[in-house]
Amino acid sequence: MPRIVAIQDNLKNIGKELEARGYEVVHEDYDGYVDAILYDSDCSRLSYLHNFDNVIDMNRGAIVIDVKNKEINKIIYALENRAYESLF
């Protein structure tokens, strides 16, 4: 199960929820690998993800989750099951 999750600065409330559930939440300036990247497509485009190029372990990859209109339980489900959704 992914444990290190990178988030955009505007997702602090989701970050707090994840930390309460045992996840390590990091931001763009994190200097290590992450298991997942959360972003909100209402606030940014996929091009925003280039900010995280240096934190993805190319051997394991990282799940990318658009949290737009998602409840915390759906986000947790996607993290724990590495459940991908269509990007378009």
Be a star and scan the range 10-35 for residues whose amide nitrogen sits under 19 Å from the point 7 Å along the Cα-to-Cβ vector of residue 71. 13-21
So residue 82 and residue 27, fully extended at 0.36 nm per residue minus their Cα-Cα distance, gain in nm 17.8 nm
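Computed from the coordinates by the stated procedures, all read-outs in this text should not be read as laboratory data. Everything numeric in this text was worked out from a predicted model, so none of it was measured. For neighbour counting, all protein chains shown are included, and Cβ atoms are generated from backbone atoms with ideal geometry for every residue, glycine included.
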